1. Within the stretch 48-76, work out how many residues are outside any loop (DSSP other than H, G, I, E, B) and either on the phi > 0 side of the Ramachandran plot or not aliphatic (A, V, I, L, M) (or both).
2. Exactly one of (1) in a strand (DSSP E or B); (2) within 17 Å of Ser56 (Cα to Cα); (3) out of contact with any Asp or Glu (no Cβ under 9 Å at 6 or more places or on another chain) is unmet by Lys129. Its number?
3. Give Ile78, Ile127, Ile136 a once-over and let me know the one that is under 20 Å from Ser28 (Cα atoms) and without any contact (Cβ under 8 Å) to a residue 24 or more places away in the chain.
4. Tell me which of these Lys128 doesn't satisfy, since it passes every other one: (1) at pLDDT 90 or above; (2) more than 22 Å from Glu37 (Cα to Cα).
5. Examine the stretch 70-79 for a residue that is open to solvent by 40 Å² or more (accessible area, probe 1.4 Å), under 16 Å from the mean Cα position of the chain (by Cα), among the basic types (Lys, Arg) and modelled with pLDDT of 95 or more, and state whether such a residue exists.
6. Across the stretch 80-113, what is the total count of residues that are farther than 22 Å from Gln126 by Cα and either at pLDDT 90 or above or loosely packed, with under 15 Cβ neighbours inside 10 Å (or both)?
7. So Lys27 ticks every box in (1) assigned to a strand (DSSP E or B); (2) free of Cβ contacts under 8 Å to residues at least 60 places away in the same chain; (3) over 15 Å from Phe154 (Cβ atoms); (4) open to solvent by 40 Å² or more (accessible area, probe 1.4 Å) but one. Which box is left unticked?
8. Just to be sure before I move on: is Ser93 under 21 Å from Lys23 (Cβ atoms) and of a type in the set (S, T, N, Q) in the structure I sent?
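The values are calculated or read from the model by the stated rules, or taken from the named source; none is laboratory data. Because the structure is predicted, anything quoted here is derived from the model rather than measured. All Cβ positions, even for glycine, are placed from backbone atoms using ideal geometry, and neighbour counts span all protein chains on display. Calculation scope for accessible area: heavy atoms of the full protein, side chains included, ligands and nucleic acids excluded. Shrake-Rupley method; radii C 1.70, N 1.55, O 1.52, S 1.80 Å.
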Amino acid sequence: MNKIFLVFTACLFLSCGSSKLIKETEKSFNGEWILKEVTYPDSSGFFDVTLFQTASAACFESSLWKFVANNNRGTVNIYNTDCVTQAHNLVWSVEESSSTSYAYNVILKMGKDEKASKMKEGSRLQIKKISESLMIWDLNVQFQSQPMIVRLNFERN
């Protein structure tokens, strides 16, 4: 009986520990971020990639992202004058990654009004780096039937 209790307690602590780390990561998103640059680290040349089924990657450069950590919602405002300037609602959540390259994934969906915890679809991005003033995400996409990484480089506003 004691062994069962110890195993149960250990599982409880481990699950609470990862949940707490996810909440801390979500809190670090809180606030306004500017998407300074979109790059293609493993590729060279010009690419016309559509992000989040919304607009081209070039349109997202200089966009303002507002994240509200307590409800996992936010907005993205596109200001690029060469694009349709508009605001998009977003829902997002953070989850642990099974990859050894990234500790956490961001699941992000634009335009839908649903609870982040219930999201089953959306764009899956990997958090490459996050600090007080810098956030870098990687997004795996298919371009001309080939896998490619799109890197989103944010700075806190």
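1. Qualifying residue count for the region: 10.
2. Condition (2) is where Lys129 drops out.
3. Within the list Ile78, Ile127, Ile136, the selection yields Ile136.
4. Going through the list (1) at pLDDT 90 or above; (2) more than 22 Å from Glu37 (Cα to Cα), Lys128 breaks only (2).
5. Looking for residues that are open to solvent by 40 Å² or more (accessible area, probe 1.4 Å), under 16 Å from the mean Cα position of the chain (by Cα), among the basic types (Lys, Arg) and modelled with pLDDT of 95 or more, one finds none in the stretch 70-79, hence no.
6. Residues that pass the stated criteria total 7.
7. For Lys27, the failing item is (1).
8. Spelling it out, Ser93 is indeed under 21 Å from Lys23 (Cβ atoms) and of a type in the set (S, T, N, Q).
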